Amino acid sequence: MSNSSSDSRGFTLPVWVAAAAKGAAEAMAGKAFCSSQKIQLPNTKEFINVPVTSAGSFVNAQKAMGISHCDPGLCLDLTRGLEIWVMLEYETLDDEKDIELSVDSWLKIIGGFGVGKFESNGEICLSDFAKQLLYLNLLPFKEKGRKIKLEVIFPEGQSLAERTSNAAFGVVDGLALIGTQAEVQTSASPDQLHQSLDELRNQCSSQTFEGALTFVIGENGLDLAIQSGLNLQPIIKTGNWLGPLIVAAAEERVSELLLFGYHGKLVKLAGGIFHTHHHLADGRLEVLTALAVKERIPFDLIKLLAQSASIESALLILEEQDPLAAKKLWLRLAREVEKRSHEYVKRYVSSSIKIGAILFDRKRQLRWAGPIGLKKVNALGVTLEVLS
């Protein structure tokens, strides 16, 4: 068993929610406020100490509130300083309900303002790790005949979510609570690059490896790739370090490489930006505007693109104004991703690697592919939802 201070490492959003929830539970139990909550991690014997800003009970100690502020450590993350509110209260159950209450249904988790929900059913977007963390640390406060109702609120969550690609994965209204571990492992960190390189080398050294790989950016991209049938060849989740990994793939004699990602990420490659984390480089609308000029899109539409709030809004504007121009531009973008990726490899190594690109939109639809990517998806039997 170990105890760690949050001063030495950053924690994911679910950890800060659990700390605020435990602080609220202690306040409702009549305990004195403790500014550092001891949080147990699922499936381990490890505990971590997590700061809590405040906690207190009200309505005759029938309700309580805990507040914490997210600290992802050295990670450049938009959740830094995010204020987290957790409202907690008990719901009394009658005898019949109490009998039916299963071991894992005594905690009701609600997504309040600023917390992401699935657009399909309105349910809170909550990872298994986040759920386990809350169940484990609130278990000591479980009472017979009563269910704990826990509402999570992110006051700034709705505005911050506009800077994410959550909507690409069917999550709306706020920030998703989808951390899969306690410590932050940023996709922009060198450690993440080393992990991806190790996985790449392991895949390429396997006796069953046939020379074809797919790179995806992030957990959501990985999920969509598998759902779409792209896992007929090995998939590696890359994070944002695409440039070094593409070169490493060529060095490992990968013959066919498929780049699969959200258009808001892969558009950077079309501009020669091969580290896609937004804190290090952006320029997405500038790249899109330059490609629109090359594709001879009408000038009035180019002006609208340049003034758009995001890549997604630029896409929607262009599809509404001129669907044919939108199709031409986004297919040009996919071709450019392939072309610039080949050029990037040639800077560092001589290779015959073929690099294809597939882009999906915020509705999780596979929309565009470059010439090489299109051949690959046809061979895999994957369908693109292209404009007619």
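The values are calculated or read from the model by the stated rules, or taken from the named source; none is laboratory data. This is a predicted model, so every value here is computed, not measured. A quick note on method: Cβ atoms are made from the backbone with ideal geometry, for glycine too, and the neighbour counts reach across all protein chains shown. All accessible areas refer to the heavy atoms of the entire protein, side chains included, with ligands and DNA or RNA removed. Shrake-Rupley method; radii C 1.70, N 1.55, O 1.52, S 1.80 Å.
A few remarks follow.
- Meets criteria (modelled with pLDDT of 95 or more and either surrounded by fewer than 19 Cβ atoms within 10 Å (Cβ to Cβ) or within 20 Å of residue 176 (Cα to Cα) (or both)) for residue 79: no
- Test result for residue 313, out of contact with any helix residue (DSSP H, G or I) (no Cβ under 6 Å at 6 or more places or on another chain), part of a helix (DSSP H, G or I), at negative phi and hydroxyl-bearing (Ser, Thr, Tyr): yes
- Any hit, the range 281-294, residues being open to solvent by less than 60 Å² (accessible area, probe 1.4 Å), touching a Leu at 6+ places or on another chain (Cβ under 7 Å), over 21 Å from residue 170 (Cβ atoms) and in contact (Cβ under 8 Å) with a residue 40 or more places away in the chain: yes
- Of everything listed in (1) open to solvent by less than 50 Å² (accessible area, probe 1.4 Å); (2) at pLDDT below 95, the single unmet condition for residue 71 is (1).
- For beta carbons closer than 6 Å, sequence separation of 6+ or different chains, a first residue in the range 43-72 that is free of Cβ contacts under 8 Å to residues at least 40 places away in the same chain and at negative phi and a second that is open to solvent by less than 50 Å² (accessible area, probe 1.4 Å) and among the β-branched types (Val, Ile, Thr), the qualifying pairs are 53/67; 54/67.
- Enumeration of residues in the range 176-206 that are open to solvent by less than 20 Å² (accessible area, probe 1.4 Å), at pLDDT 85 or above and closer than 23 Å to residue 129 by Cβ: 176, 177
- When residues of the range 82-92 are limited to those that are open to solvent by 60 Å² or more (accessible area, probe 1.4 Å) and either under 19 Å from the mean Cα position of the chain (by Cα) or modelled with pLDDT of 85 or more (or both), the one farthest from residue 134 (Cα to Cα): 83
- Residue 344 passes every criterion in (1) farther than 23 Å from residue 255 by Cα; (2) touching a Gly at 6+ places or on another chain (Cβ under 8 Å); (3) aromatic (Phe, Trp, Tyr) apart from (1).
- Flag for residue 302 being open to solvent by less than 50 Å² (accessible area, probe 1.4 Å), assigned to a loop (DSSP other than H, G, I, E, B) and more than 21 Å from residue 169 (Cβ to Cβ): no
- Criterion applied to 158, 132 was being among the polar types (S, T, N, Q), assigned to a helix (DSSP H, G or I) and touching a Gly at 6+ places or on another chain (Cβ under 6 Å), and the one residue passing it is 158.
- Single residue of the range 331-361 satisfying the filter (open to solvent by 50 Å² or more (accessible area, probe 1.4 Å) and outside any helix (DSSP H, G or I)) that is nearest to residue 221 (Cα to Cα): 354
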